[in-house]
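Below is one structure, written out as structure tokens; comments come after it.
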Amino acid sequence: MTGGRFAKLVEDLRVYLTKSSQQALERCTGVKVRSVELLLLLVLGTLSFRLREAGVGLATIGFMSWIGLVYAMKWAWAPFVDRCPIPFLTKHLGRRRAWLIVAQICLLIGLCLMAVIDPARNLTGIIAGALFTAFASATQDIALDAYRIESADARSQGVLAASYQFGYRIAMIWAGAGALGVAAAVAGVDAVGYSARAWEMAYFAMAASVLVGMVTVLLAPESPAQTPREIPAAKGRRRTPAELLKELFLAPLYDFYRRFGVWTFVLLALVATYRVSDVVMGIMANPFYADMGFTKAEVAVVIKVFGVIMTLAGTFIGGIVVLRMGVMTALFLGVVLSAATNLLFSALALIGHSVAFLTVTVSADNLAGGLASAAFVAFLSGLTSKEFSATQYALLSSVMLLLPKAIAGFSGLMVEGMGYNRFFMFTAALSIPVAVLVVLAKRSGMLSAEESGKPPTP
């Protein structure tokens, strides 16, 4: 490495060490890690492993992924999280932390319900518990995303996005490998087959993790950004539904269109399709492990050891790539790597039970996922206005999930019809139009406008 390149690398790394970045990382990463944002897996991914062991069919498991559409609908109540105070709590904790605490209390209740309900005996009950937990989790996401965006300036958002994903991935690993590890320890490390008691204890352990998050929220400072204005009080009259609609929903949408003009539709198309490959594939990942004969202990060890290492590397590299090459280049690289790792899963389906190849596949998948997620979060964060941070980010993240979750609902039927090998090849192919869309978006000049803070010229 030449002296000039080394100096450039040092300069890129320095952004992680600035005072503003350290303060933002302390607030957001700490909340993200210690709040254990594990619900996405516990109501979707890990739950699918549990359901498969309980004898639930692949088609049913696939349809249950539609519970994740709750996350795609959070734009519907995000304006209330953005604008409405919670009596007593908002006064003492601040707007964002008040909503976080309320959401986490509901999460604790939801996970305890999912612990005591046996899906082998009461499938309807577990669905209801998962829906309640997903709603609480989505509400926590709304408040936490706004907290993160409000905690750093524009230059620090790329680094903050990487660190945010670091915390997110660690929590996801805990919800995946951690839950499987607890279940395996209760049932017996080498046990194969369904144990209701093992899964009950695993979900109680995850519920206990929420308590750590609640303590962290109570100790964390409120976001330093100016608190968004509340819904204006009526002057001697009640506000009409039209006025409330304008204040809560139309104002954030108009602000977004005002800044990006006709490019709004291009941006939304990219947001809507970027995660389609990973989401559709991810629903069947855990049932795939079970059907390939991997034990809970094997899956947990691979994800916990090698998965963690590669996840950390991926998020860190993602932040550097965003800094050195730009958001759009990082997005393109994430698409390519995600498609490649789906092909590794296809190869694993042909090879069969191989812990070594599972290690390679999971490691590569987590590396690609960490990089892609860091780039994508930075991209979404750059598109939001701090005045409407919760509402606009919730809208964008909802658009991100709507199409992928809709397709993922049929993933079980796809596997039953074409087998795991062809299914993973299909999910890899889904990345092709996304890559084309990223290239077109980059050529449009949207990125330069985004980084400068100025809207692109229609």
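General remarks:
- Set against the 2.2 N^0.38 Å expectation for a compact globular protein, the stretch 294-398 has a Cα radius of gyration ratio of 1.25.
- Stretchable slack from residue 340 to residue 291, in nm (0.36 nm times residue separation minus alpha-carbon distance): 15.4 nm
- For the stretch 257-342, the gyration tensor built on C-alpha atoms gives an oblate shape. Its axis ratio a/c (a ≥ b ≥ c) is at least 1.5, and a/b is not larger than b/c.
- Packing-based ranking of 288-294, 396-402, 144-150 yields 144-150, 396-402, 288-294, ordered from highest to lowest mean Cβ neighbour count within 10 Å.
- Among 368-381, 51-64, 100-113, the order from most to least packed when residues are scored by Cβ within 10 Å on average: 368-381, 100-113, 51-64
- In loop segments of the stretch 58-143 as defined by DSSP, the trypsin sites (Lys or Arg not before Pro) with at most 11 further C-beta atoms inside 10 Å of their C-beta are 121.
- Highest to lowest packing among 263-271, 279-287, 195-203, 334-342, scored as the average C-beta count within 10 Å: 279-287, 334-342, 195-203, 263-271
- Student exercise, the stretch 249-310 dipole from Lys, Arg, Asp, Glu Cβ charges, in Debye to nearest 20: 220
Laboratory data are not the source of any read-out in this text; all were calculated from the coordinates shown. Since we're looking at a predicted model, the values are computed, not measured. Here the Cβ is made from the backbone with ideal geometry for all residues, glycine too, and neighbour counts use every protein chain on show.
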